[in-house]
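Single-structure report; data block below.
The values are calculated or read from the model by the stated rules, or taken from the named source; none is laboratory data. Computed from a predicted model, the values in this text were never measured in an experiment. Don't worry about glycine lacking a Cβ; one is built from the backbone with ideal geometry, like all the others, and counts go over all protein chains shown.
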Amino acid sequence: MRQGMRRWPAIWGAALLLLASLMFSACAGSGSNNLKIPTATAAAVQIKTDRTAYTTAQPIGVTISNTGSQGFYAVTGRSACTFLQLQKYDTTKRAWFATVGCDTAYQPQALLISANMTEPFTLPPGNASDNPNVWVPGAYRIALQYGTQSDGSGNVQVAYSAGFQIT
């Protein structure tokens, strides 16, 4: 009887060690080099997506809001030829990179983001090299560079959406 009771602390110790290691591995990462999905920037210009996760065939719904009392300007020629820039996280370089450019040959222009404006946009799937109608899976965010001058320069700032996953 005493010999069996000595095994219980060893069994409980092993069980606790196993439980702790499982908890640690669950918290350690999500398959993207421990990337913490970023939150949206808090500024006058805000970017929101319509979802936190997308499939590779879903378009990305984006809403731009200027909650301030001043208008800003942003230059087109970025993702889908809008002033929005889709960025993908590169897990090997641990950095965000622009994706989906503007494939038409026209002169970029500065557009006004009026005070108290809310405007929806849609980015259709299309950054996979083998199929131009789907997204490459990964972590993404939307960036918007804007300024106070009518050419998009001046006091230049960048707003970011919250990060989202494409699977």
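Residue count for the stretch 74-100 satisfying the condition of being loosely packed, with under 14 Cβ neighbours inside 10 Å, of a type in the set (Gly, Ala, Ser) and assigned to a loop (DSSP other than H, G, I, E, B): 0.
Can you spot a residue in the stretch 42-56 that is assigned to a loop (DSSP other than H, G, I, E, B) and modelled with pLDDT under 50?
Initial filter on the stretch 42-56 (assigned to a loop (DSSP other than H, G, I, E, B)): 42-44, 50-52, 55-56.
If we keep only those that are modelled with pLDDT under 50 as well, we get none.
Among the residues of the stretch 42-56, not one is assigned to a loop (DSSP other than H, G, I, E, B) and modelled with pLDDT under 50, which makes the answer no.
Within the stretch 121-133, does at least one residue satisfy the condition of being over 30 Å from Thr56 (Cβ atoms), part of a loop (DSSP other than H, G, I, E, B) and either free of Cβ contacts under 8 Å to residues at least 24 places away in the same chain or not polar (S, T, N, Q) (or both)? Within the stretch 121-133, not a single residue is over 30 Å from Thr56 (Cβ atoms), part of a loop (DSSP other than H, G, I, E, B) and either free of Cβ contacts under 8 Å to residues at least 24 places away in the same chain or not polar (S, T, N, Q) (or both).
Is it the case that the stretch 138-160 has a residue that's part of a loop (DSSP other than H, G, I, E, B), at pLDDT 95 or above and surrounded by fewer than 16 Cβ atoms within 10 Å (Cβ to Cβ)? Within the stretch 138-160, none of the residues are part of a loop (DSSP other than H, G, I, E, B), at pLDDT 95 or above and surrounded by fewer than 16 Cβ atoms within 10 Å (Cβ to Cβ).
Each row is one residue, and each column tells you yes or no for (1) in contact (Cβ under 8 Å) with a residue 12 or more places away in the chain; (2) in the same structural domain as Val136 (by TED's automatic domain parsing); (3) closer than 16 Å to Ala110 by Cα.
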{"residue": "Lys36", "(1), (2), (3)": "no, no, no"}
{"residue": "Ala40", "(1), (2), (3)": "yes, no, no"}
{"residue": "Ala53", "(1), (2), (3)": "yes, yes, no"}
{"residue": "Thr56", "(1), (2), (3)": "yes, yes, no"}
{"residue": "Pro59", "(1), (2), (3)": "yes, yes, no"}
{"residue": "Thr67", "(1), (2), (3)": "yes, yes, no"}
{"residue": "Phe72", "(1), (2), (3)": "yes, yes, yes"}
{"residue": "Val75", "(1), (2), (3)": "yes, yes, yes"}
{"residue": "Ser79", "(1), (2), (3)": "yes, yes, yes"}
